[in-house]
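What follows is a single structure, written as structure tokens, with notes after it.
Rule-based calculations on the coordinates, nothing more; no lab input. If you're wondering where the values come from, they're calculated on a predicted model, not measured in any experiment. Positions of Cβ are generated from backbone atoms using ideal geometry, with glycine treated the same way; all protein chains shown enter the neighbour counts.
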Amino acid sequence: MPLKVSQHPLVAHKLAILRDRTTEPKRFRELVRELTWLLVQLGKDYAREQPSEPWPEWYAPRIVEHFAA
């Protein structure tokens, strides 16, 4: 899977605050949590836009076996 670099302005803003040496530890942790949530949401949107590929023929029976056990 190729690397997707976010150009979202909110991500850039939060990263700038994270990089600031004067950011307090509590605020730093809050920003990491917010960034994680934001990047997951952006990743979901990106994944929805991508064409999906069919599952390989050999994979489906293994899924059924796994959940049947």
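Calculated FRET efficiency, K44 and L15, Cβ-Cβ r, R0 25 Å, to nearest 0.05?
Working: r = 20 Å, r/R0 = 0.79.
My answer for the efficiency is 0.80.
For the pair T23 and W37, label points projected 7 Å from Cα toward Cβ lie 1.6 nm apart.
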